[in-house]
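A.B. asks: Handing you a structure now.
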Amino acid sequence: AVVSTQSGHYGRGTLKGTYFLQSTYHNRTFSCTYFVFTVCVLLSRFCEGIYSYSIVMPEVVYATKVLEPTDMDAVNETDVDESIEKIKSNDGSFKECNVNNIPLDTATVDSITSALCRNTSLTRLEMCNCNITDDCIEGFVNVVKTNQTLESISLETNKITGKYLKQLALALEANSTLKELRIANQYYTTGVGDEMAISKALDKNNSITKFSMNWKNTGARNQADRCIMRNNDIARKKRQGLL
């Protein structure tokens, strides 16, 4: 059977009609084959693009790092011995002591805390990431109990266990001038019992308005938050002359 070149319906035709049918058939077959081939190529390139996008990472451009006082990567060039001498001599111009990121042995830490017990000038003490251990905490407990000038103590990122963090918090009952105590990010995990004791100790202090610690127990954390909110309210009323 052939198709007529005039009417387009099937019927009896000539050799020319037969050639037209065969040509049309081949053209259609070629078009379909080319279409399928094109689709396959496009899909292949699309999949290749997804694969390369998910595997090949672009070059990372780092911004210039601004060093902060509490940055654990910062290089601290403070002369520790000079700072200790200023604390011992009660230098009135020496208000802040920052020895962050300087590894200190127990004897050096004890020298600092011993001098602070008699100092009446320093208001801020930063000793983060100094390798401070439990052996040094008794000195800090004495500082909290006796020093009435310090307003901020930061001992974050050290190696103090929960038992001794609790002792430090219990000393807050005898202090009415310290406003900030930061003890978060210790090497050791604090137990739930110690956390509860720390939150109860905060309840007996009315001056701490900023306190940092890694809590595990939700009840202890909530109680501590309420204490800090209460102390901030007290501080606000004092500023307004209402207390």
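The values are calculated or read from the model by the stated rules, or taken from the named source; none is laboratory data. Keep in mind that what you see is a predicted model, and the values were worked out from it rather than measured. Cβ coordinates were reconstructed from backbone atoms using ideal geometry, including for glycine residues, and neighbour counts include every protein chain displayed. For accessibility, only protein heavy atoms count, side chains too; no ligands or nucleic acids. Shrake-Rupley method; radii C 1.70, N 1.55, O 1.52, S 1.80 Å.
A.B. asks: What accessible surface, in Å², does a 1.4 Å probe find on Leu116, ignoring ligands, DNA and RNA and rounding to the nearest 10?
C.D. replies: 0 Å²
A.B. asks: Okay, moving on. Which of the lysines could a cross-linker bridge to Lys88, judged by Cα under 22 Å and excluding same-chain residues fewer than eight apart?
C.D. replies: Result set, ordered by chain and number: Lys145.
A.B. asks: Can you give me the solvent accessible area of Met229 with a 1.4 Å probe, rounded to the nearest 10 Å²?
C.D. replies: That residue has around 140 Å² of solvent-accessible surface.
A.B. asks: So if we plug the beta-carbon distance of Thr218 and Tyr188 into 1/(1 + (r/R0)^6) with R0 = 22 Å, what FRET efficiency do we get, rounded to 0.05?
C.D. replies: On the way: r = 20 Å, r/R0 = 0.92.
That pair, Thr218 with Tyr188, gives E of 0.60.
A.B. asks: Around Glu96, under 12 Å between beta carbons, what's the net of Lys plus Arg minus Asp minus Glu among the other residues? Mind showing how you got there, number by number?
C.D. replies: Details: positive: Lys86, Lys95, Arg124; negative: Asp91, Glu126, Glu151.
Counting the neighbours of Glu96, the net charge comes to 0.
A.B. asks: How much accessible area per residue does region 101-216 have, in Å², with a 1.4 Å probe? All intermediate terms of the calculation are to be shown ahead of the outcome.
C.D. replies: Values: 4840 Å² over 116 residues.
Here the per-residue accessible area is 42 Å².
A.B. asks: Accessible area of Asp79, 1.4 Å probe, to the nearest 10 Å²?
C.D. replies: Roll a 1.4 Å probe over it and Asp79 shows about 80 Å².
A.B. asks: In whole percent, how big is the carbon plus sulfur part of the accessible area of region 93-243, probe 1.4 Å, protein atoms only?
C.D. replies: Details: 3250 of 7130 Å².
Exposed carbon and sulfur together represent 46 percent of the surface.
A.B. asks: Continuing with the same structure: Magnitude of the Cβ-charge dipole of region 131-243, K/R +1 and D/E -1, about the Cα centre, nearest 20 debye?
C.D. replies: On the way: 17 positive and 12 negative charges, 101 e Å.
For this selection, approximately 480 debye.
A.B. asks: Working with all protein chains in place, sort Ile102, Ile183 by solvent-accessible area computed with a 1.4 Å probe, largest first.
C.D. replies: Numbers: Ile102 25, Ile183 5 Å².
Accessible-area ranking of Ile102, Ile183, largest first: Ile102, Ile183.
A.B. asks: While we're looking at this one, here's another question. Out of residues 5 or more away from Thr161 or on other chains, whose amide H comes under 5 Å of its own, with H placed 1.01 Å from N in the peptide plane?
C.D. replies: For Thr161, whose amide H was placed from the backbone, the distant partners under 5 Å are Asp134.
A.B. asks: Translational diffusion coefficient, Stokes-Einstein: compute it for region 120-243 using the Kirkwood radius over C-alpha pairs as Rh, at 25 °C and 0.890 mPa s, and state it as an integer in µm² s⁻¹. Show your work: numbers first, answer last.
C.D. replies: Values: Rh = 14.5 Å.
Here the translational diffusion coefficient equals 169 µm²/s.
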